[in-house]
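K.L.:
One structure is given below, represented as structure tokens, and several questions about it will come after.
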Amino acid sequence: MKILKGSCLCGQVKIEVPDRFEYIGSCHCSECRKFSGAANATAGGIDGALLNMISGGESLSIYRKSENTELAFCRHCGSSLFSRKRDSGLCNLRLGILDDAPTQQPTFHIFVASKAPWEDICDDLPRFDGLPPTR
Ligand SMILES: [Zn+2]
Ligand SMILES: [Zn+2]
């Protein structure tokens, strides 16, 4: 299994994940826009147990966004790193922190109904107003 490396902007946080995401997609919701500072956040779903902290664990800050969702970012440089579900351990790794290219490509857009009015989605991937029906 190929391993992908990732890091934050300042380089203190380094992680590794197997090159096998449960899915890769872009979320256009207002919370992902705020957290990422971008028009949308492309994330890969992965079991949190497979997310290996190589260094910088002490630099992680956790913001508890909701009852079940935590957001992790680097407290030195502010890079948004991943979200984590407290019940299932599912992580959505922000793919922008990867230093290696994953084999998989993004396959969908979610929360398109709440995307920024100035954003144009320029591909033909499936779009969902909110979460996909199966997820
Ligand atoms: Zn950092
Ligand atoms: Zn979102």
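K.L.:
What is the residue count in the stretch 60-83 for residues that are surrounded by fewer than 20 Cβ atoms within 10 Å (Cβ to Cβ) and in a strand (DSSP E or B)? Write out each step before concluding.
P.N.:
Going residue by residue through the stretch 60-83, those that are surrounded by fewer than 20 Cβ atoms within 10 Å (Cβ to Cβ) are 60-70, 75-78.
Now narrow it down to the ones that are in a strand (DSSP E or B): 60-66, 69-70.
Count: 9.
K.L.:
Continuing with the same structure: Name the residue that is nearest to ligand 2 (Cβ to nearest atom), counting only residues in the stretch 18-36 that are crowded, with 16+ Cβ neighbours inside 10 Å and within 19 Å of Leu60 (Cα to Cα).
P.N.:
So, considering only residues that are crowded, with 16+ Cβ neighbours inside 10 Å and within 19 Å of Leu60 (Cα to Cα), the one nearest to ligand 2 (Cβ to nearest atom) is Cys32.
K.L.:
Being in contact with a Cys (Cβ under 8 Å, 6 or more places away or on another chain) and among the hydroxyl-bearing types (Ser, Thr, Tyr) narrows it down to one residue among Ser59, Ser30; which is it?
P.N.:
None of the others qualify; the one that does is Ser59.
K.L.:
Can you tell which of Gly11, Gly48, Gly78 is at positive phi and in contact with a Leu (Cβ under 8 Å, 6 or more places away or on another chain)?
P.N.:
On the way: Gly11 fails: in contact with a Leu (Cβ under 8 Å, 6 or more places away or on another chain); Gly48 fails: at positive phi.
Answer to the selection: Gly78.
K.L.:
What residue, of Ser114, Ser80, is within 16 Å of ligand 1 (Cβ to nearest atom), in contact (Cβ under 8 Å) with a residue 24 or more places away in the chain and not hydrophobic (A, V, I, L, M, F, W, C)? Outline the logic, then answer.
P.N.:
On the way: Ser114 fails: within 16 Å of ligand 1 (Cβ to nearest atom).
Within the list Ser114, Ser80, the selection yields Ser80.
K.L.:
Next up: Quick test for you: out of Thr107, Thr134, pick the one residue that is more than 25 Å from Cys8 (Cα to Cα) and of a type in the set (Val, Ile, Thr).
P.N.:
Working: Thr107 fails: more than 25 Å from Cys8 (Cα to Cα).
After ruling out the rest, the residue left standing is Thr134.
K.L.:
A follow-up question, please. For Phe21, indicate whether it is touching a residue at least 60 places away in the same chain (Cβ under 8 Å) and aromatic (Phe, Trp, Tyr).
P.N.:
Numbers: touching a residue at least 60 places away in the same chain (Cβ under 8 Å): yes; aromatic (Phe, Trp, Tyr): yes.
The answer is yes for Phe21.
K.L.:
Would you mind stating whether Gly45 is within 16 Å of ligand 2 (Cβ to nearest atom) and closer than 26 Å to Glu119 by Cα?
P.N.:
Taking the combined requirement at face value, the residue satisfies it.
K.L.:
Output yes when any residue across the stretch 56-69 is of a type in the set (Val, Ile, Thr), at pLDDT 95 or above and either more than 27 Å from Leu125 (Cα to Cα) or away from ligand 2 (no atom under 16 Å from the Cβ) (or both), and no when none is.
P.N.:
Going residue by residue through the stretch 56-69, those that are of a type in the set (Val, Ile, Thr) are 62, 69.
Now drop any that are not at pLDDT 95 or above, which leaves 62, 69.
With the extra rule that they be either more than 27 Å from Leu125 (Cα to Cα) or away from ligand 2 (no atom under 16 Å from the Cβ) (or both), the set shrinks to 62.
Yes, because at least one residue in the stretch 56-69 is of a type in the set (Val, Ile, Thr), at pLDDT 95 or above and either more than 27 Å from Leu125 (Cα to Cα) or away from ligand 2 (no atom under 16 Å from the Cβ) (or both).
K.L.:
Turning to a different aspect of this structure: Just to verify a result, which residue in the stretch 4-17, among those that are outside any loop (DSSP other than H, G, I, E, B) and free of Cβ contacts under 8 Å to residues at least 60 places away in the same chain, is surrounded by the most Cβ atoms within 10 Å (Cβ to Cβ)? Spell out how you get there, then give the answer.
P.N.:
Looking only at the stretch 4-17, we keep the residues that are outside any loop (DSSP other than H, G, I, E, B), and these are 4-7, 14-17.
Of the ones still in play, those that are also free of Cβ contacts under 8 Å to residues at least 60 places away in the same chain are 14, 16.
On the way: Lys14: 18, Glu16: 14.
The residue in question is Lys14.
K.L.:
State the number of residues belonging to the stretch 27-59 that are touching a residue at least 40 places away in the same chain (Cβ under 8 Å), assigned to a strand (DSSP E or B) and more than 16 Å from ligand 1 (Cβ to nearest atom).
P.N.:
Of the residues in that region, 8 qualify.
K.L.:
Looking for whichever is surrounded by 15 or more Cβ atoms within 10 Å (Cβ to Cβ) and more than 16 Å from ligand 2 (Cβ to nearest atom) here; the options are Leu51, Leu95. Which one fits? Break it down stepwise before answering.
P.N.:
On the way: Leu95 fails: more than 16 Å from ligand 2 (Cβ to nearest atom).
Of Leu51, Leu95, the one residue that is surrounded by 15 or more Cβ atoms within 10 Å (Cβ to Cβ) and more than 16 Å from ligand 2 (Cβ to nearest atom) is Leu51.
K.L.:
Do we find a residue being small (Gly, Ala, Ser) and in contact (Cβ under 8 Å) with a residue 40 or more places away in the chain anywhere in the stretch 118-135?
P.N.:
Let us first name the residues in the stretch 118-135 that are small (Gly, Ala, Ser), namely 130.
This time we only want the ones that are in contact (Cβ under 8 Å) with a residue 40 or more places away in the chain, so: none.
Within the stretch 118-135 (the criterion being small (Gly, Ala, Ser) and in contact (Cβ under 8 Å) with a residue 40 or more places away in the chain), the answer is no, since none of the residues qualifies.
The values are calculated or read from the model by the stated rules, or taken from the named source; none is laboratory data. Predicted model, so just to flag it, every value in this text is computed and none were measured. Reconstructed Cβ throughout: ideal geometry from the backbone, glycine too, with neighbour counts over all protein chains shown.
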